[in-house]
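Trainee: Structure in structure tokens, see below.
The values are calculated or read from the model by the stated rules, or taken from the named source; none is laboratory data. Because the structure is a prediction, the values reported are computed rather than measured. Note that we place each Cβ from the backbone using ideal geometry, even for glycine, and neighbour counts take in every protein chain shown.
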Amino acid sequence: MNTLANIALRNLTRQKKRTVLLGSAIAFGVMIVTLINGFAGAFSANVSENFADLMAGHVFISGTEKGADDEELSVIRDDSALTAAVEASGAPVRYVTRRSSFSGTLIFEGKKLRTNIDGADLSKETFLRDRLLLKEGSWDSMSDENALILSEKIASRLNVGVGDLILVQLETVTGQANVGEFRLAGVSYDAGIFGQMISYANLGYVNRLIGLAPDEYQTMGVMLDGLRHTEAAADAIYGRLYGGVQLFERGAKDEDGAVTPFQALMRQQKKESWQGVKYRLFTINEVLSQIEQIVAALDTTAGVILVVLFVIIMVGITNTFSMVMFERIGEIGTMRALGVRRGGVRSMFLYEALFLALGGAVAGIALALVAMGVISLFDFGMDSPAFIIMKNGHLSFFLPPLRAVGNVLIIAALTLVAVASPAGKAAKLTPAEALRTQK
Amino acid sequence: MGIVELENVRKIYPLGKVQVEAVKGVSFCIEKGDFISIAGPSGSGKTTILNMVGLVDQPTEGEVFLDGKPTSKLNDAELTRLRHETLGFIFQSFNLIPVLNVWENIEFPLLLGKTRVGKDEKKEWIDHLIEEVGLSEWRKHKPNELSGGQRQRVAIARALVTRPQIVLADEPTANLDSATGEQILELMKKINRELETTFIFSTHDARIVDIADHIIRLRDGLVTENRRRGEEAPAACQGESARA
Ligand SMILES: Nc1ncnc2c1ncn2[C@@H]1O[C@H](COP(=O)(O)OP(=O)(O)OP(=O)(O)O)[C@@H](O)[C@H]1O
Ligand SMILES: [Mg+2]
């Protein structure tokens with residue numbers, strides 16, 4: 001090992017308290033930032049996965065029919081081609097869901113509320129029972145044809161209880177006004193801000209309300225073995241569908257500034273006209289493409305915190321090393337006399353600071369990893385308001401390795417900047433000055 | 001010409017608004033292999049002169065010749081290399097590197113500069129020096145575990161490790177009791193004879209100059225006496241008068 005680097009390393013052990021203090025400051029800063037990075041790293045996957053559960057799929061196929069006067073009718077009439085394509089795609093499919101949905105007004109004793117209601121075949125979508133915990137009522141009462149499950153917030157706003165009859169006003173797929181009646185079968189815990197968006201009813205009843213046949217529906221959801229299979233599976237299924245059925249282009253970009261590929265697709269659909277049912281295939285990623293912006297914002301925040309914390313720590317480093325330089329002025333003089341060059345003195349200080357920074361940073365990352373491990377042990381439950389950002393009710397983290405390395409490099413660079421001035425002063429001393437100033 | 005030669009050397013220190021003339025025009029010449037004492041009371045300019053001979057400081061005026069070569073035009077890197085190659089240093093307060101043990105302190109100068117010494121050869125030489133200064137039992141100890149006299153012995157070994165032509169020692173015994181100081185001087189004298197290394201040491205103690213081959217006495221930045229042992233006339237090197 002380089003002699004001066006070796007001495008620099010040993011010099012760190014001379015004032016242990018000081019080294020530990022500065023090192024801890026660095027470690028603390030790195031820990032905070034690493035935690036945010038780790039959170040952001042898992043955020044996107046968690047939110048998407050939870051949404052996939054709520055929306056019942058990773059890859060979706062919906063059908064649209066153009067009516068006589070160009071109005072659009074959302075329906076899948078015969079899904080044999082779709083089912084065949086999904087099967088033939090070889091994608092790791094866990095199950096396929098079939099849903100219809102509408103947005104309507106619920107009315108109970110003079111109180112009105114607009115909400116989205118999903119019709120699902122609950123005899124098949126058993127996973128919903130695990131995902132959506134009921135506070136009141138039971139899933140078993142869903143065997144009633146017109147049963148309805150509302151989230152806690154909606155139920156309390158309507159002031160309804162299990163067993164109450166609720167009136168619903170809506171439009172059918174062809175735009176006709178219609179009314180129906182639901183019986184409240186259960187009240188679910190609010191699964192975060194997103195959970196309350198959807199209320200659940202039986203597919204058959206919803207179809208009847210919106211004017212579809214019992215075996216028709218609107219959206220097929222393909223639930224895969226995990227988020228990571230999404231794009232490959234979507235490509236494979238699309239490939240199988242292509243040529244067999246009428247298809248919208250996938251994720252077509254739009255010149256007039258659509259924010260998401262999803263929006264782009266919707267606009268494209270408006271312009272065209274066709275006969276029969278035309279299908280579009282989209283993925284959870286397209287629906288949630290704004291999540292990436294949230295992740296980017298989180299990482300930016302982490303970056304800003306990193307820099308702010310480090311500007312503060314840098315002041316400490318600069319001051320400490322100015323002090324260190326005066327304490328060791330005799331040694332600097334001695335070394336210079338014995339033949340160490342100016343650059344050698346400088347690099348000795350830089351090495352020392354660098355070792356300190358690296359030690360602190362590595363300790364910080366290690367602490368953060370331990371903290372992540374401990375935090376992810378806590379079970380917040382599926383009914384936690386923050387459910388959507390969690391993984392099975394646990395906070396989870398994923399630290400992208402490159403980001404961790406990047407943080408270490410930033411800290412190393414900032415530390416070198418902080419110590420550059422005292423190191424420069426030490427290097428600039430003539431040996432005579434340094435020897436004379438020693439105590 | 002001698003191994004060290006000073007020619008009309010002046011050193012002026014700026015001290016706030018005033019200037020301190022620490023050395024006021026000094027010339028002398030030192031023969032290779034001599035044991036030289038620079039003596040004088042406090043403030044007479046001993047350290048200043050040794051610093052200039054040691055190339056850790058440069059004269060305001062005049063020239064310092066080392067082995068016949070002028071040094072005033074050299075830049076910092078060249079001075080550093082020349083120091084490393086030709087000079088050894090012993091300091092009043094020992095100035096060992098606290099984080100290195102005895103062996104490593106002595107080895108340190110060998111790890112600087114370009115010349116690489118063979119591993120076995122190096123080890124043998126350092127062990128020899130450690131034995132020479134009587135610290136064989138202490139090689140793994142850190143400086144703060146040693147007495148003053150022991151530390152100065154380490155410093156002597158360190159000064160010799162690069163086999164320099166000249167060893168400079170600024171009041172090497174000032175921080176030691178008189179008995180230990182005498183031992184240190186005797187050790188230096190012994191090495192001076194054995195290795196034929198030129199030793200220049202400063203002292204403000206008029207009594208311990210007897211051991212020297214050549215005495216240069218200073219007062220107020222001027223040479224008051226410059227004489228080799230047993231010679232009547234002021235010491236001069238061959239060719240010096242011719243050049244003057
Ligand atoms: N860097 C400096 N700035 C100002 N004055 C200095 C400086 N170095 C030395 N002096 C002055 O120059 C004079 C000679 O100092 P020097 O240290 O050479 O004396 P010395 O003989 O070594 O004394 P001592 O026995 O006390 O070590 C003194 O008056 C001292 O105060
Ligand atoms: Mg002095």
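Per-residue answers, yes or no, for (1) on the phi > 0 side of the Ramachandran plot; (2) at pLDDT 95 or above; (3) within 16 Å of ligand 2 (Cβ to nearest atom); (4) within 14 Å of chain A (Cβ to nearest Cβ):
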{"site": "B:GLY33", "(1), (2), (3), (4)": "yes, no, no, no"}
{"site": "B:PRO41", "(1), (2), (3), (4)": "no, no, yes, no"}
{"site": "B:THR48", "(1), (2), (3), (4)": "no, yes, yes, yes"}
{"site": "B:GLY54", "(1), (2), (3), (4)": "no, yes, yes, yes"}
{"site": "B:GLY62", "(1), (2), (3), (4)": "yes, yes, no, no"}
{"site": "B:ASP67", "(1), (2), (3), (4)": "yes, no, no, no"}
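Trainee: Scanning the stretch B:2-20 for residues that are within 19 Å of the chain's Cα centre (by Cα) and more than 16 Å from ligand 1 (Cβ to nearest atom), which turns out farthest from B:GLN165 (Cα to Cα)?
Mentor: Among those residues, the one meeting the criterion is B:GLU7.
Trainee: Over 30 Å from A:ILE198 (Cα atoms) and of a type outside the set (S, T, N, Q): does that describe A:VAL75? Working first, answer last.
Mentor: Values: over 30 Å from A:ILE198 (Cα atoms): no; of a type outside the set (S, T, N, Q): yes.
Here the answer is no, as A:VAL75 does not meet what is asked.
Trainee: Filter the stretch B:94-113 for residues that are among the polar types (S, T, N, Q) and within 7 Å of chain A (Cβ to nearest Cβ) and give the result. First the steps, then the outcome.
Mentor: Here is the first cut: in the stretch B:94-113, the residues among the polar types (S, T, N, Q) are B:95, B:101, B:105.
Result: B:ASN95, single match.
Trainee: Looking only at the stretch A:12-22, filter to residues that are surrounded by fewer than 22 Cβ atoms within 10 Å (Cβ to Cβ) and assigned to a helix (DSSP H, G or I); which one of those is farthest from the other protein chains (Cβ to nearest Cβ)?
Mentor: A:LEU21
Trainee: Of the residues that sit in the stretch A:389-439 and are closer than 30 Å to A:ILE294 by Cβ, polar (S, T, N, Q) and not in a helix (DSSP H, G or I), which one is farthest from the other protein chains (Cβ to nearest Cβ)?
Mentor: Step by step, filter the stretch A:389-439, then rank; the result is A:ASN392.
Trainee: Take B:PHE89 and tell me if it is under 16 Å from the mean Cα position of the chain (by Cα), facing chain A (nearest Cβ under 8 Å), at pLDDT 95 or above and closer than 17 Å to B:VAL4 by Cβ.
Mentor: Yes: the conditions hold for B:PHE89.
Trainee: Of the conditions (1) of a type outside the set (Val, Ile, Thr); (2) at pLDDT 85 or above; (3) more than 16 Å from A:ARG280 (Cβ to Cβ), A:LEU247 satisfies every one except a single condition; which number is it?
Mentor: The one condition A:LEU247 does not meet is (3).
Trainee: Still on this structure: Restricting attention to the stretch B:58-108, which residues are within 16 Å of ligand 1 (Cβ to nearest atom) and either part of a loop (DSSP other than H, G, I, E, B) or closer than 24 Å to B:ALA157 by Cβ (or both)?
Mentor: B:GLN58, B:PRO59, B:THR60, B:PHE89, B:ILE90, B:PHE91, B:GLN92, B:SER93, B:PHE94, B:ASN95, listed by residue number.
Trainee: Check A:GLY41, A:GLY29 and return the single one that is touching a Gly at 6+ places or on another chain (Cβ under 9 Å), in contact (Cβ under 8 Å) with a residue 12 or more places away in the chain and more than 14 Å from every other protein chain (Cβ to nearest Cβ).
Mentor: A:GLY29
Trainee: Tell me, which helices (runs of 4 or more DSSP H) lie completely within the stretch B:117-220 with 2 or more residues that are closer than 28 Å to B:ALA235 by Cβ?
Mentor: B:148-160, B:178-195
Trainee: Would you be able to tell me the number of residues in the stretch A:142-164 that are within 20 Å of A:LEU122 (Cα to Cα), exposed (fewer than 15 other Cβ atoms within 10 Å of the Cβ) and not small (Gly, Ala, Ser)?
Mentor: Qualifying residue count for the region: 2.
Trainee: With respect to A:GLY343, is the statement that it is part of a helix (DSSP H, G or I), within 14 Å of chain B (Cβ to nearest Cβ) and surrounded by fewer than 18 Cβ atoms within 10 Å (Cβ to Cβ) true?
Mentor: Spelling it out, A:GLY343 is indeed part of a helix (DSSP H, G or I), within 14 Å of chain B (Cβ to nearest Cβ) and surrounded by fewer than 18 Cβ atoms within 10 Å (Cβ to Cβ).
Trainee: For the subset of the stretch A:346-374 comprising residues that are β-branched (Val, Ile, Thr) and in contact with a helix residue (DSSP H, G or I) (Cβ under 8 Å, 6 or more places away or on another chain), which member is nearest to the other protein chains (Cβ to nearest Cβ)?
Mentor: Among those that are β-branched (Val, Ile, Thr) and in contact with a helix residue (DSSP H, G or I) (Cβ under 8 Å, 6 or more places away or on another chain), it is A:VAL362.
Trainee: If only one of B:GLU61, B:GLU121 is farther than 21 Å from A:THR430 by Cβ and not hydrophobic (A, V, I, L, M, F, W, C), which one is it?
Mentor: B:GLU121
Trainee: Looking at the structure I just gave you, is B:PRO172 under 25 Å from B:ILE97 (Cα atoms) and out of contact with any strand residue (DSSP E or B) (no Cβ under 9 Å at 6 or more places or on another chain)? Give the steps one after another, and end with the answer.
Mentor: Details: under 25 Å from B:ILE97 (Cα atoms): yes; out of contact with any strand residue (DSSP E or B) (no Cβ under 9 Å at 6 or more places or on another chain): no.
Considered against the rule, which asks whether it is under 25 Å from B:ILE97 (Cα atoms) and out of contact with any strand residue (DSSP E or B) (no Cβ under 9 Å at 6 or more places or on another chain), B:PRO172 comes out as no.
Trainee: B:VAL23 fails exactly one of the following numbered conditions: (1) within 14 Å of the chain's Cα centre (by Cα); (2) within 16 Å of ligand 2 (Cβ to nearest atom); (3) not hydroxyl-bearing (Ser, Thr, Tyr). What is the number of that condition?
Mentor: Going through (1) within 14 Å of the chain's Cα centre (by Cα); (2) within 16 Å of ligand 2 (Cβ to nearest atom); (3) not hydroxyl-bearing (Ser, Thr, Tyr) one by one, B:VAL23 breaks only (1).
Trainee: If A:VAL308 passes every condition in (1) more than 14 Å from chain B (Cβ to nearest Cβ); (2) touching a residue at least 60 places away in the same chain (Cβ under 8 Å); (3) in a helix (DSSP H, G or I); (4) not polar (S, T, N, Q) but one, which one does it miss?
Mentor: Every condition holds for A:VAL308 apart from (2).
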